[in-house]
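I have placed the structure first, in the form of structure tokens, so that the comments after it can refer back to it.
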Amino acid sequence: MSSVSVVLPTRGRPEFLAEALDSVARQTHLEMELILVRDGGEPLAETARERIAKLEFPAVLIERDDPPEGAARARNRGIAQARGDAVAFLDDDDLWEPGHLAQLAGTLDRDGDAQVVYSDARILEVSSGSKRIIALDFDLETFGRNGYLPPSAVLAKRAAFEQFGVFDPEFTYSEDWDWLLRVAKGGGKIVRSRGVSATIRIHAGAASRLAPERLAERRRSLDLLGRRHALGPIEPKTFWEVAEAVCQSGNASTR
């Protein structure tokens, strides 16, 4: 089965990071490594370093002090260090089920033409405990209107980054959406692996939250995305809103 490099960018969220690291440690996949990228902020807590030291697979720690470089460059730093056949991404505030990587690696191995595979995702609104599900086969037209593949649900062949390039740092938001559009429009095959195995948490500090201080920069990134891929105007949405838009049937929020 394909070996997997897990790229986990983090900045200033020690409580969430501890849970994310535990999520990685519980993976049942047999051949994997962790590449944790600290993109500025406070140094890692000693408890996080202890968790990393106890992992039963190799781990690489890349640390950069302020100013932060942003998600695209942080992920690219991780990709540059990756040795696995495939690269998985986990945001520091998201979680995986124990079989997440095994499920995705198995799907990648069974479909030799696939460049990217992704799981279904649970969207959790932390403050209320409400949940929605994104469970949808890949469709380029639908994806152009709503980027419904959370990075934490995606596994990509490492060779895909050689073929289609890495994340574009010009995007401070939606760099993953841009990359997946480049893959799809460039002829790369993107395949759904059915079953919810990733949890995307919506909370006050989440990057996708439509906070007023971030909104102008999000709009700039979405305008760039729309021009580059001829998508027309795109309104900012959280994954909570995306889930409602693409999976309306039976997707009323539940607790």
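Once you have a ≥ b ≥ c as the square roots of the Cα gyration tensor eigenvalues for the stretch 105-255, tell me rounded if a/c is under 1.5, and otherwise prolate or oblate according to whether a/b is larger than b/c. Note, shape of the stretch 105-255 comes out oblate. Couplings 3J(HN,Hα) for the stretch 214-221, derived from phi with the Karplus relation 6.51 cos²θ - 1.76 cosθ + 1.60 (θ = phi - 60°), are 9, 5, 4, 5, 5, 5, 4, 5 Hz, where x marks Gly and Pro.
Amide H contacts of Ile202: Leu124, Glu125, Val126, each under 5 Å away and 5 or more positions distant or on a separate chain (H built 1.01 Å from N in the peptide plane; Pro and chain starts excluded).
Computed from phi, the 3J(HN,Hα) profile of the stretch 8-21 under the Karplus parametrisation 6.51, -1.76, 1.60 (θ = phi - 60°) reads 10, x, 8, 6, x, 9, x, 5, 5, 4, 4, 5, 5, 5 Hz, with x in place of Gly and Pro.
Among the trypsin sites (Lys or Arg not before Pro) found in the stretch 33-100, those both in a DSSP coil and sparsely packed, with 14 or fewer other Cβ atoms within 10 Å of their Cβ, are Lys54, Arg83.
Mind ranking 40-46, 219-225 by how tightly packed they are, going by the mean number of other C-beta atoms within 10 angstrom, highest first?
219-225, 40-46
Where a ≥ b ≥ c are the square roots of the eigenvalues of the C-alpha gyration tensor, would you call the chain rounded, which needs a/c under 1.5, or, failing that, prolate if a/b is larger than b/c, or oblate? Rounded shape, in that the Cα axes give a/c under 1.5. Measuring spread by the Cα atoms of the stretch 1-54 yields a radius of gyration and Dmax of 11.5, 37 Å.
Placing pseudo-labels 7 Å out from each Cα toward the beta carbon at Leu140 and Ala245 gives an inter-label distance of 1.9 nm. Label point 7 Å out from Val126 along Cα-to-Cβ: which residues of the stretch 59-99 have amide N under 15 Å? Backbone N within reach: 91-96.
With a Förster radius of 30 Å applied to the beta-carbon distance between Val196 and Phe57, the computed FRET efficiency rounds to 0.80.
Provide the percentage of antiparallel DSSP beta bridges, counting only those with both residues in the chain; round to the nearest 5. Looking only at bridges with both residues in the chain, the antiparallel portion is about 35 percent. Distant-in-sequence amide contacts of Gly84, defined by a placed amide H-H separation under 5 Å and a gap of 5 or more residues or a different chain, comprise Ser5.
Note on Arg49 and Asp109: their simple-model spin labels are 3.7 nm apart, each label 7 Å out from Cα toward Cβ.
Go ahead and run the numbers for FRET between Arg83 and Lys189, Cβ-Cβ distance against an R0 of 22 Å, rounding to 0.05.
0.40
Here, each number is a calculation from the coordinates, and none is a lab measurement. If you're wondering where the values come from, they're calculated on a predicted model, not measured in any experiment. Backbone-built Cβ (ideal geometry, glycine too); neighbour counts: all protein chains shown.
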